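Step one of this worksheet: look at the structure below.
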Amino acid sequence: MVSVSLHTALSGIRAARVGMDTAAHNVANANTPGFTRQRVDLSTSYPYLSPNGPMGTGVTVDDITRMRDSFLDARLRSDMGQNGKLDVRADLLARAEAVLGEPENGLTGELTELWASFEELALRPEDTATRRQVLSALESLTARVRSVAGGLEILEKDTINSLDLAVKEVNALFEQAADLNGRILEARGTGGAPNDLLDARDRVLDDLSRRIGATVTLEDSGSVRISVSGLAVVSGTRATPLAFDVDTNEIRHPAGVAVTPGGEVAGLQTSLTEDLPGLRDGLDAFVDDLVTQLNATHASGYVSENVNGGPLLGVTAGAEALTLQVLITDPGQLAAAEGPSAAPHDGDNATKLADLRTGTLDGRLRSFVTEHAANVEATGRAARAQQQLTAAAGTARDGMHGVSLDEEMVQMLSYQRALEASSRMMTAVDQALDVLINRMGLVGR
Amino acid sequence: MRITQGTMVNSQLSRLQNRLERFERAQSQLGTGKAILKPSDDPAAANRGLLLRASQRARVQEARNGADASSWLALADSKLEGATTRLHRARDLTVSGASNQDPGSQRAMATEIEAIRDELIGIANSQHAGRPLFTGFAEGKAVVPDGGVWRYGGDDGVINRRVSEHDVVKVNVTAADAFGPFAVAPDDPTDVFSLLDTIAAALRNGDQATLTGKLAELDVAMERIGDQQSILGAATNRVEAAMARNADEQLSIRSELAVTEDVDIAGAVMELQTQEVAYQATLAALSRVLQPSLVDFLR
């Protein structure tokens, strides 16, 4: 009978030690990223059926489990996917805005200067210095257009590289997840709870949600199945890499289907297929219009008697903005005169060139700039709103999963007291046994 | 909701980041004096700003056009004024020539009339900033001798100056308008120079009938110049009115641009102060988050 209490006290000491160890582990990992606080699951041991009825035999440590809430995980991950997408897109749009350089260093200022130089030419058509001024205004406008177009092209190439890299990184993460799946299954087989492996896998899953908006399904076996737009990319220990097709800007599954990603990859892809080409096309269309209108008006004027003005600007179709250049280098070739006699002081065609200002060109450039600005603003605002949501979801999850030092201190204290009490229990039983063994039956000795 | 040390630190950190962002924005607004640093800060205002800038540049150019127009008009007017004065003198000479019968003084008068003719030719050929004043678009002399008659050397080019968005003013008169009409055929000269030639010849010949007859033609010639001067005067009035409006418009565009793009200094200083205080408060809160835990109270 006495030995039962001894064992009961021992189980208490053991449980308290496990409890203290776990608290120590939690405190030690309080700042480890992705760590989930752990808890000791205790239950009463199987009772001893004494003649007086079932009698408790102490405590058993069932398991050490992670305090993980899969609902909070799912919520945060879907927010992270959205957040990654909007952040990347807002960032790229803002970079494109910086390339445009409005309002101080943009195209609108250069265009205004060009109109003013045409008006100056109308004032003094015979003056070579004024003519050179027009050529330099043209040069400076075309140089600015080319530099903006070049900046957009660089941005596009950067985005392609980033997307390629992001897909490679995502593929590496698939491999890691598949590998962790395998190790978790193995550990489960040997009966342990692979908490650290589960934490590591959750970190990978978080990363995947942010990167590509992957959907995660937990299977009964304990492994996770990861899919992107409904196509499985990790199943058990098998990872299926995705491929980025540079020609079509598509992300392809080996099954031959283009997937619709989420997360940062989606942000990069949207920028690459919609935002940047939209800007490029808008700029090209404006340049095309500018060239057509300027050349037509210039050609209606006269350089010398009965000789019309030649083309002022030239472009290569398909890449108008990148190839825009001034075709006239001789200031004498500017057709300032409107009359066929090309009288030396006739500046009426220069006036007509300057009057293009009141036409569609200015408004077109301005709406090109402001439409993009509105896009940047709207996307930026959506990104900020999504950041708030994600931060809130993150806080909720961190609150549930994270280590509270106060709580661990309380745990430590209570297990410490339990250990002390169990030890005292053991001492009491020991004293009782001492009386039984050493002091009994010694009457009269 | 369960709160841990980690939660508090993280959310305080993100708050600190937000505060710092706003603090920085308030600082850069005050530093640059601009409320809109890039179009996406306020697309509608940026659009307005671009419009106003283009309009401002156009008004500046119109002011230059107007200054150019004014100097053209003023010079042409003063030249024509000189021509009128000289023609009055020619008329006086003609009148006294018609009543004076002394051949010596008539010759002297003829010489003076010829001098006046040359002076008028000089006036017709005068230039503005290296450019002929009365030839339209053409280069060269406005009046050229051609086989005993005078011809107009210019063309009928109309020099226009845009002085406001929709106001285009003609700033030149041609020698043909002021001193013509020049003869189409050599036998029928009607211009003022030929008229003076005729008067000089009549003086030398003592042909008093012709002198009396030409007096009316001199009056017509002076009237012509007067007409052109009044055209110039009307144009000057239009230019001056446009320049006065231009100055007003530039001022109002500038103030509108300031309202659209510039920062309200008093507001920005307040904002900066507020953000600074908020930033410091967040820092203070962060320092308190990091301090206490149960550990401090356990022995």
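A short reminder: the numbers here are calculations on the coordinates, not readings from a lab. Just so we're clear, the structure is a prediction, and the values are computed from it rather than from any experiment. Positions of Cβ are backbone-derived with ideal geometry, glycine not excepted, and every protein chain shown enters the neighbour counts.
Measuring nothing but how far apart in sequence close Cα pairs (under 8 Å, 6+ apart) lie, relative to its length, region B:84-245 scores a relative contact order of 25 percent. Couplings 3J(HN,Hα) for region A:74-90, derived from phi with the Karplus relation 6.51 cos²θ - 1.76 cosθ + 1.60 (θ = phi - 60°), are 4, 5, 5, 5, 5, 5, 4, x, 4, 4, x, 4, 5, 4, 4, 5, 4 Hz, where x marks Gly and Pro.
Stretching the chain fully between A:LEU49 and A:SER70 yields a gain of 3.5 nm (0.36 nm per residue, less the alpha carbon separation). Here's the picture: a label point sits 7 Å out from the Cα of A:LEU218 along the beta-carbon direction, and within region A:37-60 the residues with their amide nitrogen under 16 Å of it are A:37-39.
Peptide A:398-408 shows a mean partner chain C-beta count of 6 within 10 Å per residue C-beta. Between B:GLU21 and A:ARG417, the distance separating the two model label sites (each 7 Å from Cα on the Cα→Cβ line) works out to 4.6 nm.
Under 5 Å from the amide H of B:VAL143 lie the amide H atoms of B:GLY153, each residue being 5 or more positions distant or on a separate chain, with H modelled from the backbone and absent for Pro and chain starts. Over all Cα atoms in region B:84-245, the spread is summed up by Rg and Dmax: 17.9, 62 Å. Ranked by the mean number of other Cβ atoms within 10 Å of their residues, highest first, the peptides B:240-247, A:122-129, A:47-54 come out as A:122-129, B:240-247, A:47-54. Applying the criteria of a DSSP loop state and at most 16 other Cβ atoms within 10 Å to the GluC sites (Glu not before Pro) of region A:296-377 yields A:GLU305. Each residue of region B:115-120 was assigned a 3J(HN,Hα) from its phi angle through the Karplus expression (A = 6.51, B = -1.76, C = 1.60, θ = phi - 60°), giving 5, 4, 4, 5, 4, 5 Hz with x at Gly and Pro. Taking a straight Cα-Cα cut-off under 26 Å and skipping sequence neighbours fewer than 8 places away in the same chain, the lysines within cross-link reach of A:LYS85 are A:LYS157, A:LYS168, B:LYS38. 3J(HN,Hα) along region B:177-182, derived from phi through the Karplus expression 6.51 cos²θ - 1.76 cosθ + 1.60 where θ = phi - 60°, amounts to 5, 7, 10, x, x, 6 Hz, with x in place of Gly and Pro.
Within straight-line reach of B:LYS79, meaning a Cα separation under 23 Å, sit the following lysines at least 8 residues removed in sequence or on another chain: B:LYS141, B:LYS170. Once the Cα atoms are used to define both axes, helix B:43-99 deviates from the longest principal axis of chain B by about 20 degrees. Which whole-number percent gives the relative contact order of chain B, counting Cα pairs below 8 Å spaced six or more residues apart? Value for chain B: 30 percent. The mean count of C-beta atoms from other chains within 10 Å of the C-beta of residues in A:96-102, rounded to a whole number, is 2. Look at the stretch A:253-266: the mean tally of other chain Cβ atoms within 10 Å of its residues' Cβ atoms is 0. The listed peptides A:152-164, B:196-208, B:147-159, ordered by packing as a protection proxy, come out as B:196-208, B:147-159, A:152-164 (highest mean of other Cβ atoms within 10 Å first).
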